[in-house]
Amino acid sequence: MNQYHKGQTIQKRCVSCFNDRMKIIKVREHHLNEKSIYVLYTQCPECRADAIKLAPEDLQVS
Ligand SMILES: [Zn+2]
């Protein structure tokens, strides 16, 4: 089950303006062995900087 979706806001530090919330603009799922890895394309809502985050399926949100 894909726990990430477009439009979702995740906790991630923007390297440009240090805002700590990034919005997901695209999700790509990759299958590696038996696991899924998600590539999250994110954009800072403050300064519009793009960033990519790799997220395993069982990522624990801290
Ligand atoms: Zn930013």
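Please treat every number below as a calculation from the coordinates, not as lab data. Quick caveat: nothing in here was measured; it's all calculated off a predicted structure.
Number of Lys-Lys pairs in the chain with C-alpha atoms under 18 Å apart and a separation of 8 or more places or on different chains: 9.
Gain on full extension, evaluated as 0.36 nm per residue between GLU57 and LYS26 minus their Cα-Cα distance, stands at 9.6 nm. Normalised by residue number, the volume inside the convex hull of the Cα atoms of region 9-56 is 58 Å³ per residue.
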